[in-house]
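I have placed the structure first, in the form of structure tokens, so that the comments after it can refer back to it.
What follows is calculated from the coordinates using simple rules that are stated; it is not laboratory data. Everything numeric in this text was worked out from a predicted model, so none of it was measured. Using ideal geometry, Cβ is built from the backbone for each residue, glycine included, and neighbour counts are taken over all protein chains shown.
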Amino acid sequence: MIPSEPVPKRPPVEIRQSDAVAVAILLDKRVLGVRAQELFDDHLYPLADRLAGNGLIIDFSLVRYFGSDSFGRLLQLAARVKEAKGWLRLCSIAPGLLEVFRVTRLDTRFDIDSDLHAALEGSRPTAPG
């Protein structure tokens, strides 16, 4: 029997650079637990720390569930973006998940656009918080 090689784990995010804006496309349907920790600690926090006045758009188009721990991490991300004098927009949030943002009033803490195109076309937003 030939031992199989481990399949490389897909990263939780794809990051694209568009001029002075980084676009982070979340690739998991469910953002929680260890994968959420990996997403924020290994990818989004370091990206936020390097913004230096530029923008970050997070595309939620594939996400259907966002764990409660992830909301706390998202608020920490917003603080890091602010420290880097950057700006943050969220986009393409599914209706059910958007309702959670509304109920928790997090929709007042973030600039949220209906889709990526609107987020890219939007004017430079104010810092969250």
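Structural remarks
- Converting phi to 3J(HN,Hα) with the Karplus coefficients 6.51, -1.76 and 1.60 and the offset θ = phi - 60°, the stretch 12-26 yields x, 8, 10, 10, 10, 9, 10, 6, 9, 10, 9, 10, 9, 9, 6 Hz in sequence order, with x at every glycine or proline.
- Other residues whose C-beta falls under 11 angstrom from the C-beta of Tyr65 contribute a net charge of +2, scoring Lys and Arg +1 and Asp and Glu -1.
- Each Lys and Arg adds +1 at its Cβ and each Asp and Glu adds -1 at its Cβ; summed about the Cα centre, the chain shows a dipole of about 240 debye.
- Residues whose placed amide H lies under 5 Å from that of Ile112, excluding near-sequence neighbours: Leu90
- By the rule of a C-alpha distance below 24 Å, with chain neighbours fewer than 8 residues away ignored, the lysines paired with Lys29 are Lys9.
- Long-range HN-HN contacts of Leu32 with modeled amide H, under 5 Å: Gly67
- Only beta bridges with both residues in the chain are counted; by DSSP, about 30 percent of them are antiparallel.
- Put simply, the amide H of Ala84, placed in the peptide plane, has no neighbours under 5 Å, leaving out anything fewer than 5 places away on its chain.
- Derived scalar couplings ³J(HN,Hα) [the stretch 83-95; Karplus, 6.51 cos²θ - 1.76 cosθ + 1.60; whole Hz; x for Gly, Pro]: 4, 7, 6, x, 9, 9, 10, 10, 8, 6, 8, 4, x
- With semi-axes defined as the square roots of five times the eigenvalues of the C-alpha gyration tensor, the equivalent ellipsoid of the chain measures 25, 18, 14 Å, largest first.
- Ranked by the mean number of other Cβ atoms within 10 Å per residue, highest first, peptides 79-88, 63-72, 10-19 order as 79-88, 63-72, 10-19.
- 3J(HN,Hα) along the stretch 40-48, derived from phi through the Karplus expression 6.51 cos²θ - 1.76 cosθ + 1.60 where θ = phi - 60°, amounts to 6, 5, 8, 10, 6, 4, x, 5, 4 Hz, with x in place of Gly and Pro.
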